[in-house]
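Computed from the coordinates by the stated procedures, all read-outs in this text should not be read as laboratory data. Note that the structure is a prediction, hence the values are computed from the model and not measured. Counting neighbours? That spans all protein chains shown, and the Cβs are built from the backbone with ideal geometry, glycine included.
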Amino acid sequence: MSTQETNKQHSSNPPSGAVTSHDTETAPEQKPIKAGHGLTAVLVLIVVLIVLGVLGILPRRHAQEVLAQRTDELAAPSVITLAPKPGNPIQELILPGNVTSYTDAPIFARTSGYLTHWYFDIGAKVKQGALLAEIASPEVDQQLSQAQADLNTAEANANNARIQADRYKDLVTSNAVSQQDTDTFTNQASSTAAQVKSAQANVQRLKELTSFEKIYAPFDGVITARRVDIGQLIDAGAGQNSTAELFHMQAVNTLRVYTNLPGVFSASVHRGETIDLTFAEHPAQVFHGKLVRTADAIDPTSRTLLVEVDVDNRKGDLLAGTLAQVHFKVNPVGNVFVLPVSALIFRSEGLRVATIKDSVAHMNPVTIGQDDGRTVQIITGLGKDDQVVQDPPDSLIDGEKVHVLTPQEVQTAQGGK
């Protein structure tokens, strides 16, 4: 290689450490970012985040609303409704009646002691004044003897004081004794006379107690319970429980029958009218009673009138405590509807029937008429356009949302059973 070529090569390839003319040229200067562009970027980012948040929240909220609605729908009880069936106007009303004795009384002892004898057992018919039992109370007998002796002593003292007072009254007129001594004996006579009266009252009290040793029937009736036996210790008084009761008596020659007449029929009955009574124990026999009294006030809870019918039972065919069917002849009142007994709701505030309006349950107070065990007549509380719940659940309350089953749903549910 020639010297010239070598020089050209060196000139075209300068040393690595040498500075070329290109290196010495100045690099182009970067432009600064404007503040308006940064704010726009932040706003865009915020908008993007809001859009993403909305897109995430809305579906979730919608899902929650759907879930809540579905939960409410599932929580609402499903019911079947029916339209009340019009019934015939009521001309005879048959109501259940409670049969009670005319007089009912427990017999207690008025003195303490031991039972020595009883004379009548359950089922015995007794007359007023009949001796039922005897009680031995020796302490009371001894107290009576002591009181009698005290009375004799008081009478003797009073007699002596009276004699002395009379003597001094005669002597004072002749100035044989002083007036002071006369007054003393006179006062002593009055004091001893008062002591006699006190002793007499005590004797009479103890005599009354000893008379209670014999238990007598207070009225004509039948013994329905005997709770004592010979040798049993008897405590005086009624006590706190029925164990102190000696006998239980009921007067059954006339029986009282109590029933509750719906208030709408209160004007249809009158005192003194004859009422027919039937009993399950006597299926082919009709008894006749007399309406003797009413409560003269409608019960605000049940909207009924308490009625008493007395029936003659001197033959002893009827028993107290049974259930009677009381037949009333009444005037037709309003419209009558017939419902199955299963539609009735028995609550503490009274008889109710559930109706549905706009998928909301309403508890209607009703008055019933004829009841044959399967269907019942509704006298008041329903209209012809009401939709009645057929078999209301026990937990159903007034104002509760319900789901009314359609005929197709009812058919499907019945087919699945």
Least to most buried among Lys357, Lys85 (fewest other Cβ within 10 Å first)
Lys357, Lys85
Which links in Lys125/Lys214; Lys127/Lys315; Lys169/Lys197; Lys169/Lys207; Lys127/Lys197; Lys329/Lys357 stretch past 26 Å when you go from one Cα to the other?
Lys169/Lys207; Lys127/Lys197; Lys329/Lys357
Ordering of 171-183, 245-257 by packing [mean C-beta count within 10 Å, highest first]
245-257, 171-183
Kirkwood hydrodynamic radius (Cα pairs, Å) of the range 179-299?
21.6
Given points 7 Å out from each Cα along the Cα-Cβ axis, report the Glu155 to Asn331 separation in nanometres with one decimal.
7.3
Sorted largest first, extent of the range 87-191 alpha carbons per principal axis (Å)
108, 45, 20
Quote the charge dipole size of the range 138-207 about the Cα centre in Debye, to the nearest 20; the model charges only the Cβ of Lys and Arg (+1) and of Asp and Glu (-1).
160
Over the Cα atoms of the range 138-207 the radius of gyration and the largest Cα-Cα distance (Dmax), both in Å, equal 15.9, 55
